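Step one of this worksheet: look at the structure below.
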Amino acid sequence: MKLINSSRLFFLLLLPTIAAAGDWSGYAGLEFRGFTQTALDTRQDHATNFSFTFEPEYYHRWDNGDQSIAFVPYVRLDEHDNERTHLDIRELTYLKAAENWELRLGIRKVFWGVTEFQHLVDIINQTDLVENLDTEDKLGQPMVNLALINDWGTVDLFVMPYFRERYFPGTSGRLRTLPETRQDRSRFESAAKEKHIDLAARYTHYFGDWDIGLAHFYGTSREPRLLLGAETNGSPFLIPFYDIINQTSLDIQATKGNMLWKFEGLHRSGQATTYNALAAGFEYTFIGILDTAIDLGVLGEYHYDDRGKSALSIFEDDIGIGARLAFNDVQSSTALVGLVWDRDSGGQFFNLEASRRIGDSWLLELQGRFFFGQKRRDLAFSINRDDYSELFLSYNF
Amino acid sequence: MRRVSTRVILIATLLTPLLNTAYAETPEEKGLSIATEADNRDTGWTDQTANMSMVLSNKQGDTSTRMMCITTLEVQDDGDKSLIVFDDPKDVKGTAFLSHTHSLTPDDQWLYLPALKRVKRISSSNKSGPFVGSEYAYEDLSSQEVEKYKYKWLRDETLDGRDCFVIERYPQYEYSGYTRQIVWLDKIMYQPLKLDFYDRKDTLLKTLLFIDYKQYLDQYWRPDSMQMTNHQSGKSTTLSWTNYQFKIGLTDRDFDNNTLKRAR
C-alpha cells in the first residue's frame, strides 16, 4: 500500500516536471459556415453550421535539440455532421538527428510537392476530407522514417505499418458525394486491410536554383475508388475501395528571380487502369506594387490526368489561375483568389482565402468556395449546390 | 613592363608612411579600405546564435512584438548562412526561414510552414520588401559582405562624442530599394553607429541607430539593440538581442533543408 502510494506520489511529482520540461502551444478556434443554396439531398438540411476545433501541441527537445518529442492531438466538434465531429492524433513522434541521418518514429505528417491548386504527388498521409475540400488537412500517419543525408542529396525511407482510412462527411453533412460515401463499408484489395505495410522512398536535393524530389510509393492508395453499393431496401451508397498501388513521382521547382516554375508528375499502377498525371505551372511575384509594401503573386497551372473522365480527381484537364496578395503589414494580412476551369465540361470552381491577425493572439480567416456549371456526369456535381463562405476565428497560444 | 610597375608599387609602399599626406588616396579607395578593415575585424566568429525581439510601432504608438531565434554560420569567401525561427506571434510559431546568402548572385532561400509541414523554396528577389511587416527590409538584415557595395569616404565626424568615418555606399546587388546609404562607422570598434537609407528617388527614407555595443570573445562587437525609424511613414521598429553565443560548433548540416524541417 505504502509502495503504491509513494510510486503514485512519485509519478504525480514527475508529471509536472515532464510537462514543464517541454513547451505547450497551439490554437482553439470557432468556425462558421454559411451555405447560399439548399443542398441536393434533403437530409443535408442546414444552411449554417458552427464548428469548434482545438489543436494543442506539446514539444520537448534535449541533447542540444538532436532529440525531441512532439504530441499534437486534434479535436473537432461539429454542429450538424457527426462524421465531422472527430478526434485525431496529428502527431506523436520521437526524433533523433545525427550528422548523416535523422530517425523519426511515430505518428506524423509529411508533405511532398510544389504546386498550389492540387497536391498531386503528396501521398504519405490520408486526407482528412471532413475538414476541408482543399486536401491540406491530413490524418496522422504512423511510420518509421529514416532520412539518410548525403552531399548528393537526402534519401528518406518510410515504413508505414498502419493505414488510415479517409474520413467522409456524414449523411447530414454538406460537401459530400451523392449518394453518400460510407466509410464503414470500406473494402481493401489487401487481405491485411489497414495492416498492410506500405513503403516509400524519396530523394530530394537542390542544384543551384532547381529543387527536385523523386519518389516511389508502394502500398494502400490513400485515394479510394468509389464503388456503387445498395442497402437491402435498394437505397444506393458509395463504397471506398482501397487498392494496392505503385506510384512513381517527380516534382521540380526552378526559382528564377521573381518567377517560380513548378512541375509535378506521376505514374500510378494498380488502381484499375495504369495512368499518368501532371500538374505544371508558374508563380510570378510583383514586389511592392504601386509603391506600396504589398506583393502581388500571379499563379497559373495546368492539371492533366490521362484517365480523362474516369479519373478519380477533378483535375483531369483543368486550368487554374490565381492571385495572391501579401500586404506585409503588422497584421500579416494575406488574400488569395483562385479559379479552376474544367476544359472538358466547362465547370468552374472559385476559391477565396484571406487572413489577418487581430492583436497578438487572434487570427481571423475568411474562406469562400463556389461551384459553377458542374454537369451531372462531373465528379464535382454532387457538391455544386454547396457554395459556402466561412469565417474562422482562432486563439493562438 | 610588369617588372617596372611592381618596382613602382614596392617603392610607393616603402615611402607611404613618409608621404602619407602627399599620397592621394581617392575617397572611393579610402571608403573601400575602411569597409575591408571593418570586415576583417569581424572575421573568425565562426557561428553565432541569439534571440531577437522585434517591436513594431506606428505613429499612434501602437506596438506589436515578434520573437525569433537567429542562428548564423560564417562562410568564408561567400555570404553567411542563417536560420530564423519564429516564436511570436503564436500563429506563426515554428515558421522557419533558411537563407544561404551570396555577395552578388541571388541568395538561396527556403521557408518552412509548420501547419502544412511544407518546405517552400522562395524567390530571393524580394530584397526591398518589409521583413514580417517591420521597417526592416530583407536586405537590411542580410549578411553584409564587402562586395555588396561600392564605397566613398565622405568625411570624419564626431557622433555623440565618438569619432567616426562617414562613408557613403551604393548597393551593387540586384533589386535593392536604395540608391545609397550613409554609414557612421565608429573608429575604435569599426562598427556602424548610424545608417541613413535613401530610397530609389534618392530621398531620405529611414535611419538606423545601433545602441549599446558589447564586445564578445574579446573581439566581436554586437549591439544590444537597433532602432529603425521610417521618416516617411513615421513608423519604427526596435530590435533587441539577448543570449548571444559564439563558436557553438555549427556546420553546414545545421543550415540544410533537413534541419529547417525540424527547427523550433
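Quick note: the coordinates plus some simple rules give every number you see, no bench work behind them. Small disclaimer: the values here were computed from a predicted structure and weren't measured. Here Cβ is always computed from backbone atoms with ideal geometry, including for glycine, and neighbour counts include all displayed protein chains.
From the mean inverse distance of alpha carbon pairs (Kirkwood) and the Cα radius of gyration, derive Rg over Rh for the stretch B:94-155.
Result: Rg/Rh = 1.07.
Between A:Ile287, A:Trp261, A:Gly234, whose Cα lies farthest towards the positive end of the dipole of the stretch A:218-354 when Lys and Arg beta carbons carry +1 and Asp and Glu beta carbons carry -1, centred on the Cα centre?
A:Gly234
If I take R0 = 22 Å and measure r between the Cβ atoms of A:Leu77 and B:Leu116 in this structure, what FRET efficiency does the formula 1/(1 + (r/R0)^6) give, to the nearest 0.05?
0.40
Among B:Ala50, B:Ala24, B:Ala115, determine the one that fluctuates most according to a GNM of chain B built with springs between C-alpha atoms less than 10 Å apart.
Result: B:Ala24 has the largest fluctuation of those listed.
Rounded to two decimals, what ratio of Rg to Rh does chain A give with C-alpha atoms and a Kirkwood Rh?
Over the Cα atoms of chain A, Rg/Rh equals 0.97.
Just how large is the dipole of the stretch B:40-262 about the Cα centre, in debye to the nearest 20, putting +1 at every Lys and Arg Cβ and -1 at every Asp and Glu Cβ?
Here the stretch B:40-262 has a charge dipole of around 660 debye.
Tell me which residues come under 5 Å, amide H to amide H, from B:Leu159 once H is placed; ignore anything under 5 positions away on its chain.
It is B:Cys164, by chain and number.
Identify, among B:Val183, B:Val55, B:Trp221, the residue whose Cα sits farthest towards the positive end of the charge dipole of chain B, taking +1 on the Cβ of Lys and Arg and -1 on the Cβ of Asp and Glu, with the dipole about the Cα centre.
Going by the Cα projections, it comes out as B:Val55.
Using Cβ counts within 10 Å as a stand-in for footprinting exposure, how do A:Phe52, B:Phe197 rank, fewest first?
So the ranking, lowest neighbour count to highest, is A:Phe52, B:Phe197.
Ignore the peptide's own chain and count Cβ atoms of other chains within 10 Å of each Cβ in B:88-97; give me the average, rounded.
Mean shielding count: 5.
Under a cut-off of 17 Å between alpha-carbon atoms, report the lysines in cross-link reach of A:Lys309, not counting same-chain residues fewer than 8 places apart.
A:Lys375
Quick check: pseudo-label points 7 Å beyond the Cα along Cα→Cβ at A:Leu199 and A:Asn246, how many nm apart are they?
It is 1.2 nm.
At a threshold of 8 angstrom on Cα-Cα distance, excluding pairs fewer than six apart, so keeping six or more, what relative contact order does chain A reach in percent?
Averaging sequence separation for qualifying contacts and normalising by length gives 12 percent for chain A.
Partner chain Cβ atoms within 10 Å, averaged over the residues of B:124-136 - can you pull that number for me?
4
Any chance you could run the full-extension gain for A:Ser269 through A:Asn100? It's 0.36 nm times the residue separation minus the Cα-Cα distance, nm to one decimal.
57.5 nm
Mind jotting down the distance between the C-alpha centroids of the stretch A:231-298 and the stretch B:113-151, whole Å?
Here the answer is 28 Å between Cα centres.
In peptide A:200-213, what is the residue-averaged number of other protein chain Cβ atoms found within 10 Å of each Cβ?
That works out to 2 on average.
Reported to two decimal places, what Rg/Rh ratio describes the stretch B:98-225 when computed on Cα atoms with Rh from the Kirkwood expression?
A ratio of 1.01.
Determine the dipole magnitude for chain A: charges of +1 sit on the beta-carbon of Lys and Arg, -1 on that of Asp and Glu, nothing else is charged, the reference point is the Cα centre, and the result goes in debye to the nearest 20.
1080 debye
Along the stretch A:348-365, what does the Karplus equation 6.51 cos²θ - 1.76 cosθ + 1.60 (θ = phi - 60°) give for ³J(HN,Hα), rounded to whole Hz, x for Gly and Pro?
Residue by residue, the stretch A:348-365 yields 10, 10, 10, 9, 10, 9, 8, 8, 7, 7, 10, x, 9, 10, 9, 10, 10, 10 Hz.
How high is the relative contact order of chain B? Use alpha-carbon pairs under 8 Å, at least six apart in sequence, and give a whole percent.
19 percent
Between A:His46 and A:His216, how many nm apart are label points set 7 Å from Cα along the C-beta direction?
4.7 nm
Check A:Glu83: other-chain or 5+ apart residues with amide H under 5 Å from its amide H, H built from backbone geometry?
A:Gly170
What aspartates and glutamates could a cross-link reach from B:Lys59, if we take a straight Cα to Cα line under 15 Å and drop same-chain neighbours fewer than 8 places away?
A:Asp329, B:Glu135
Rounded to the nearest Å, what's the spacing between the alpha carbon centres of the stretch A:55-97 and the stretch A:336-397? Just the number, please.
So the separation of the two Cα centres works out to 26 Å.
Strictly over 28 Å apart at the Cα level, which of A:Lys193/B:Lys93; B:Lys81/B:Lys194; A:Lys138/A:Lys256; B:Lys117/B:Lys235; A:Lys96/B:Lys81; A:Lys256/B:Lys235 would you flag in this model?
Those over the limit are A:Lys193/B:Lys93; A:Lys138/A:Lys256; B:Lys117/B:Lys235; A:Lys256/B:Lys235.
Using Cβ counts within 10 Å as a stand-in for footprinting exposure, how do B:Cys69, B:Cys164 rank, fewest first?
Least to most surrounded, the residues fall as B:Cys69, B:Cys164.
Among B:Thr158, A:Asn100, B:Leu32, which residue has its Cα positioned farthest towards the positive end of the charge dipole of the protein assembly as shown, with +1 placed on the Cβ of Lys and Arg, -1 on the Cβ of Asp and Glu, and the dipole taken about the Cα centre?
The listed residue farthest towards the positive side: A:Asn100.
Neighbouring Cβ atoms within 10 Å as the yardstick, rank B:Asp91, B:Asp196, B:Asp224 fewest first.
B:Asp224, B:Asp196, B:Asp91
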